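The values are calculated or read from the model by the stated rules, or taken from the named source; none is laboratory data. Since the structure is predicted, the reported quantities are computational estimates derived from the model, not experimental observations. Neighbour counts run over all protein chains shown; Cβ positions are idealised from the backbone, glycine included. Side chains are part of the model used for accessible areas, which takes the heavy atoms of the whole protein and leaves out ligands, DNA and RNA. Shrake-Rupley method; radii C 1.70, N 1.55, O 1.52, S 1.80 Å.
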Amino acid sequence: MTSSLILFVLFIIVYIVISDIITIFFRLTGMTEERARFQVISLLTNSGFTTRESEAVVSSKIRRRLARATMIFGYAFTVTIVSTTVNFFMTLGRAEMESLVVLVPILLGVLLLFHIIRKSTFFKTKFDRWIETIGSRLMFGKDKNPVVLVEDYGDMVVAHIYLHKVPTSLQNVPLRESELISRHNLMVMMVKNRNGEAKLAMADTVLQPDDVIMVLGKHKSIRDVFVRCDAPGAPCPCVEKRD
């Protein structure tokens with residue numbers, strides 16, 4: 001009985017962690033945090049997945065693959081959790097009820113601690129960056145610049161861009177001499193270097209490999225400049241292709 005209850009709590013923790021990882025993967029395809037999390041919950045629970053919302057998934061090949069993997073995981077985990085729960089109550093005896101008085105508060109404390117750690121800014125930042133690095137390499141290759149949307153404002157978005165490769169037109173060029181604003185209507189607002197030092201982007205700022213930058217502009221323009229990396233005709237992994 002005790003082992004079944006502990007296993008049940010571990011399943012919950014693993015379920016939450018994996019759903020967070022899948023959410024980050026969807027964010028790497030160009031979805032905002034809120035929209036990506038809604039899609040993942042819908043896929044895992046097979047509910048709330050409306051026709052309008054599903055278009056964002058079915059129109060993209062990489063999102064369809066993520067969706068299939070998420071649904072398979074959701075089905076498998078649901079069966080596992082249900083069977084564990086049934087087994088727990090089937091084997092529960094009167095004598096074992098007394099041990100629950102001690103065990104349940106401990107497990108609730110573990111879940112509370114997990115929730116606090118998961119919501120902490122420090123942990124979330126480190127965890128998200130680690131998963132984003134792994135996810136971008138798995139889905140797009142190590143030479144692509146993953147774009148993670150932070151917020152959207154109609155046609156304009158705010159995005160984080162991980163510069164594995166600085167576009168040729170921006171290499172060794174201060175921002176004031178670039179055409180980001182005049183030609184692409186893009187504004188680099190913040191720059192974080194490989195040492196984790198963040199600062200406001202200035203006119204004389206020169207972008208370096210492994211920088212993380214915050215950019216304001218149209219999503220398409222951001223992809224054209226930073227994801228395609230000056231390769232005419234090269235496929236862009238973040239573009240929502242329609243087959």
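Structure values in brief
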quantity	calculated
Selection within region 177-213 - in contact (Cβ under 8 Å) with a residue 24 or more places away in the chain, out of contact with any Pro (no Cβ under 7 Å at 6 or more places or on another chain) and open to solvent by less than 50 Å² (accessible area, probe 1.4 Å)	LEU180, LEU186, VAL188, ALA201, LEU207, ASP211, VAL212, ILE213
Enumeration of residues in region 1-60 that are open to solvent by 10 Å² or more (accessible area, probe 1.4 Å), of a type in the set (S, T, N, Q) and either at pLDDT 85 or above or in a helix (DSSP H, G or I) (or both)	THR2, SER3, SER4, SER19, THR45, THR51, SER54
Cross-chain or 6+ apart pairs with Cβ under 7 Å, region 109-129 first and more than 14 Å from VAL17 (Cα to Cα), then in a helix (DSSP H, G or I)	VAL110/VAL9
Residues that are at pLDDT 90 or above and over 14 Å from VAL227 (Cβ atoms), drawn from region 184-197	ASN185, MET187, VAL188, MET189, MET190, VAL191, LYS192
Members of region 153-177 that are among the aromatic types (Phe, Trp, Tyr) and on the phi > 0 side of the Ramachandran plot	none
Hits in region 144-170 (condition: among the aliphatic types (A, V, I, L, M) and modelled with pLDDT of 85 or more)	MET156, VAL157, VAL158, ALA159, ILE161, LEU163, VAL166, LEU170
Residue in region 84-108 that is least open to solvent (accessible area, probe 1.4 Å), counting only those that are more than 18 Å from VAL14 (Cβ to Cβ) and modelled with pLDDT of 80 or more	PRO105
Identity of the residue in region 126-171, assigned to a helix (DSSP H, G or I), of a type in the set (A, V, I, L, M, F, W, C) and farther than 18 Å from LEU207 by Cβ, that ends up most open to solvent (accessible area, probe 1.4 Å)	TRP130
Meets criteria (out of contact with any Gly (no Cβ under 8 Å at 6 or more places or on another chain) and part of a loop (DSSP other than H, G, I, E, B)) for MET202	yes
